[in-house]
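> Structure in C-alpha cells, see below.
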Amino acid sequence: MLLGQTIICGLLLGGMYALIAIGMTLIMGVMKIINLAHGALVMVGMYVTYVCSKNYGIDPYIGMFIAMPVLFLLGCLIQKYMINRLVEVDSILPENQVLLTVGIMLVLTEAARLMFKSDYRSVTTSYSSDTVFLGAMSISVPLLIGFFIAMVFTLLLHLFLTKTDIGKSIRATSQDRDAAVYMGINSSKITMITFGIGAALAAAGGSLLLPLFYLFPDVGHLFTAKSFIITILGGMGSTMGAAVGGLILGLSESLGATYINMGYKDVVGLVIFILVLLFLPGGFRSLVKR
Amino acid sequence: MLKVKDINVSYKDVQVLWDVSFEVKEGEFVAILGANGAGKTTTLNAISGLLKVGKGSIEFMGKDITQIPGYKVAELGIIHVPEGRRLFPEMTVRENLEMGSLFPEAKSKRKETMKKVFEHFPILEEKQHKEAGTLSGGQQQMLALGRGLMALPKLLILDEPSLGLAPVLVKQIFENIRDINNEGVTVLQVEQNVVQTLNMCHRAYVLENGKVFIQGTGQELLNNEHIKEAYLGI
C-alpha cells in the first residue's frame, strides 16, 4: 500500500514538474540556449497567483489564468528587448545569452525579495488538506487537480504544436532557423512567442504547485534545477521527452523520500541526472529513436 | 523581373562579392555558375535578405528589396530552395509542404497546390506521413522543390539542387526543374554541374572570385574557350 501511494503521489507531482520543464524545453529548442531564469519565471508566476489569492481572494486554480497571460507578456518582453538584442550582434557568443538569463534570474529574484521579503508564504484553500481514498491509499486533492490540469495543458500544447501553423512554425524554427526564414517565417517573432509560451507554462506549473510548496523568492532555483534535470532526462528539445522525464523525476523523488530519507529526495534526482549524463547522454529520446 | 546592380557583400570582415550585377527576366531560366567559394550562395543569400548588402541595389518587379528582412522577401514571391535542402527533418513530408505555404494566398490554395506537387513528385504523396529525415537524398531534394512550389513562387531560387545526388537522379531533378520553368515559374539556379546546366538554361553568368567573369546564353558559354578549359576540362 505504501509503495502504491508513493508511486501515485510521485507521478502526480511529476506531471506538474513536467509542465514547467516543457516550457524550458520549448525555449531551448528554438533559442538553442538554456534559460537559467526559468525557475525565476515560475517563482514570479507563483507570486502573481499568491497575490491574487491573498489580496483578492481568487482561488489559485483561477488565479493561474491571470498569472499565465502576465508571464506570457513578461516572457515576450524579455525575449524581444533583452535576449534578441544579443542575438542580433554576431560577435556575441551564445554562451553570453545564457549569462544574460542568469542576470535576469537575479533581478527577478531580488525584485521579489524587495516586494515580499524573504518570508515563507503559503496559500491555503478550503480543500488544501482534503484527500480522496483509492482503496487504502489516500491521495491529496491539490495533487490530483494539479496533475489533471497539467496533463490538459500538455495535451493542448501538443495539439497547438502539431495542428496549427504557428505551432508548426515553432517546430520548424527549432529544427532549422535559416530554412524557416526561407519559408517566410519571421523567426524573431516566433522566438518571442515561444519564450512567452514557455514563461506562461512556467507560471501554470508554479500556480499548480502553490498549494503544495512554500513560496519564497529563492524557490526559483529549485525549479530551474528540476527542469534542467528533466530536460536532460528527456533529451534536449523534446516535448514528449520532457513529459516523461517529469514523471520519472517526480516518481524517483517520491520513492527516495519514502524509502531513503525525506531530506535526500533532491539528491535522488541529481544522482539520476548524473547517471543519465554518463550512460545515456541523449536522454530517453535516444532510446525511442533507435 | 530581378535586377541585381553592383552589389558588394561581406561575411563579417571578409568581402565576398565585388560589384556583382545580373538580371533575370520573367519566365527565364537563368544559371549562376562557378567554382567553390566563387560567391554563388552568397549572391543568393543576399537576394533572400539573409545577408546585408554593403553597396548596390536589388530590385524585384520594380520594387527595391535591398534592405528588407528575409521573411518579407519570401512574401513577395521569391522562394529560396537552399543548398543541402534544409528540410525540417523531424516533421512529416506533409508538414514540410505545409510550411511552404504560410502566406494567406498560398495558404488558401494549399490543397490544390499540394495536389499539383504530388503530380510532379508522386513519391511524396506515397511518403507524406513519413518524417522528412527518413527520405533518401533524391526524395529529399524533391521535397525541397515541392516545399518551394507550395509558396506559389514568382521567382524560384535553387541552390545546387544536384548536390550529392547520383547522376540518374540529377537528370530527373533537372527535368523536374525544366517542367516547373515551362509552367511559367521563373528560375534562378546556382550550379557546379556546368554542362547539364548550360544545356538546359536560357542564360548563365559565371562568377569567379566574387565577380561576374563572363555571361551569355547556354550555347555561347558551352562554346567559350575559357569555360571549356576551366570547367569542362576540354
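The numbers here are math on the coordinates, done by the rules we state, and not lab data. Because the structure is a prediction, the values reported are computed rather than measured. Note that we place each Cβ from the backbone using ideal geometry, even for glycine, and neighbour counts take in every protein chain shown.
> I'm trying to understand the selection: among the residues of segment B:93-116, which are touching a Lys or Arg at 6+ places or on another chain (Cβ under 8 Å) and facing chain A (nearest Cβ under 7 Å)?
Scanning segment B:93-116 gives B:GLU95, B:GLU98, B:MET99, B:GLY100.
> Right, something else. Which one of the conditions (1) assigned to a loop (DSSP other than H, G, I, E, B); (2) touching a strand residue (DSSP E or B) at 6+ places or on another chain (Cβ under 6 Å) does B:GLY54 fail to meet, given that it meets all the rest?
Result: B:GLY54 fails condition (1) only.
> Additional query: For residues in segment B:57-88 being touching a strand residue (DSSP E or B) at 6+ places or on another chain (Cβ under 7 Å) and part of a loop (DSSP other than H, G, I, E, B), which is surrounded by the most Cβ atoms within 10 Å (Cβ to Cβ)?
Only one residue fits best here, namely B:PRO82.
> Out of the helices (runs of 4 or more DSSP H) lying entirely within segment A:80-191, which hold 1 or more residues that are within 14 Å of chain B (Cβ to nearest Cβ), in contact with a Pro (Cβ under 8 Å, 6 or more places away or on another chain) and of a type in the set (S, T, N, Q)?
Per the criteria, A:165-175.
Conditions tested, residue by residue: (1) surrounded by fewer than 21 Cβ atoms within 10 Å (Cβ to Cβ); (2) assigned to a loop (DSSP other than H, G, I, E, B); (3) of a type outside the set (S, T, N, Q); (4) touching a Pro at 6+ places or on another chain (Cβ under 8 Å).
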{"site": "A:GLY205", "(1), (2), (3), (4)": "no, no, yes, no"}
{"site": "A:HIS221", "(1), (2), (3), (4)": "yes, no, yes, no"}
{"site": "A:THR231", "(1), (2), (3), (4)": "no, no, no, no"}
{"site": "A:MET236", "(1), (2), (3), (4)": "yes, yes, yes, no"}
{"site": "A:SER252", "(1), (2), (3), (4)": "yes, no, no, no"}
{"site": "A:LYS265", "(1), (2), (3), (4)": "yes, no, yes, no"}
{"site": "A:ILE272", "(1), (2), (3), (4)": "yes, no, yes, no"}
{"site": "A:LEU287", "(1), (2), (3), (4)": "yes, no, yes, no"}
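> I'd like the full set of residues that are more than 23 Å from B:SER162 (Cβ to Cβ) and polar (S, T, N, Q), limited to segment B:6-51.
Those that are more than 23 Å from B:SER162 (Cβ to Cβ) and polar (S, T, N, Q): B:ASN8, B:SER10, B:GLN15, B:SER21.
> Here's something else I'd like to know. So, restricting to helices (runs of 4 or more DSSP H) that lie completely within segment B:112-223, which ones have at least 3 residues that are more than 23 Å from B:PHE22 (Cα to Cα) and under 18 Å from the mean Cα position of the chain (by Cα)?
Here the list reads B:137-149, B:167-182.
> Need pairs with beta-carbon distance below 6 Å; first residue of a type outside the set (A, V, I, L, M, F, W, C) and within segment A:259-277, second part of a helix (DSSP H, G or I); sequence gap 6+ or separate chains.
A:TYR264/A:GLY256; A:LYS265/A:GLU253; A:LYS265/A:GLY256; A:LYS265/A:ALA257; A:GLY269/A:ILE229; A:GLY269/A:LEU249; A:GLY269/A:GLU253
> May I pose another question? What residue, among those in segment B:38-49 that are more than 14 Å from every other protein chain (Cβ to nearest Cβ) and outside any loop (DSSP other than H, G, I, E, B), is surrounded by the most Cβ atoms within 10 Å (Cβ to Cβ)?
The extreme case among them is B:THR43.
> If a residue has to be within 8 Å of another protein chain (Cβ to nearest Cβ) and of a type in the set (Gly, Ala, Ser) to count, how many in segment B:50-92 make the cut?
Residues in segment B:50-92 being within 8 Å of another protein chain (Cβ to nearest Cβ) and of a type in the set (Gly, Ala, Ser): 2 in total.
> Moving on. Going through segment B:5-37 one residue at a time, which ones are surrounded by 23 or more Cβ atoms within 10 Å (Cβ to Cβ), within 21 Å of B:LEU221 (Cα to Cα) and over 15 Å from the mean Cα position of the chain (by Cα)?
B:VAL20
> Please work out if A:LEU73 is assigned to a helix (DSSP H, G or I), of a type outside the set (Gly, Ala, Ser) and under 14 Å from the mean Cα position of the chain (by Cα).
no
> Of everything in segment A:131-169, what is loosely packed, with under 14 Cβ neighbours inside 10 Å, in contact (Cβ under 8 Å) with a residue 12 or more places away in the chain and within 30 Å of B:LEU97 (Cα to Cα)? Give them in sequence order.
none
> How many residues are farther than 10 Å from B:VAL9 by Cβ, touching a strand residue (DSSP E or B) at 6+ places or on another chain (Cβ under 9 Å) and not hydrophobic (A, V, I, L, M, F, W, C) when one looks only at segment B:32-48?
Number of matching residues: 5.
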